[in-house]
Amino acid sequence: MNGITFYDDEFLTISDDIKIIVEDLKRLLLTTPGERPNNTEFGCHLKSMLFEYGSDIGADGIRVVKNDIKKWLPNLEVRRADLLFKDEHIVTLSLTLLDYSTREAFDYDLALNF
């Protein structure tokens, strides 16, 4: 099945399922709740946790990511989630997900610079 992607390619590109899901996932993880004017609840709380003093970003960050993906992308199941601290300025979120519609598992890594 194919669909239309907007952000990572030329305008209105026809793409396959996994590419569309990855684009939706990236949009969710990089959007902070309150950032979208017409949908202020949409987003993931992960970026805000990176800057919270004293938060246990490891356990809390994984829980937050899983809950937000379950809420906003119900077609995905998080099979594995890890936060990897590369150095003092880079955190990588590493996910293994299952797409319910195709029953395919895939990996996704997102590096967050701060």
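The values are calculated or read from the model by the stated rules, or taken from the named source; none is laboratory data. Fair warning: this is a prediction, and the values are worked out from it, not measured in the lab. Note that each Cβ is placed from the backbone with ideal geometry, even for glycine, and that neighbours are counted across all protein chains shown.
All of (1) touching a strand residue (DSSP E or B) at 6+ places or on another chain (Cβ under 6 Å); (2) at pLDDT 75 or above hold for ILE14 with one exception: (2).
Looking at ASP9, is it surrounded by fewer than 16 Cβ atoms within 10 Å (Cβ to Cβ), of a type in the set (Asp, Glu), modelled with pLDDT of 65 or more and not in a helix (DSSP H, G or I)?
Working: surrounded by fewer than 16 Cβ atoms within 10 Å (Cβ to Cβ): yes; of a type in the set (Asp, Glu): yes; modelled with pLDDT of 65 or more: no; not in a helix (DSSP H, G or I): yes.
Spelling it out, it is not the case that ASP9 is surrounded by fewer than 16 Cβ atoms within 10 Å (Cβ to Cβ), of a type in the set (Asp, Glu), modelled with pLDDT of 65 or more and not in a helix (DSSP H, G or I).
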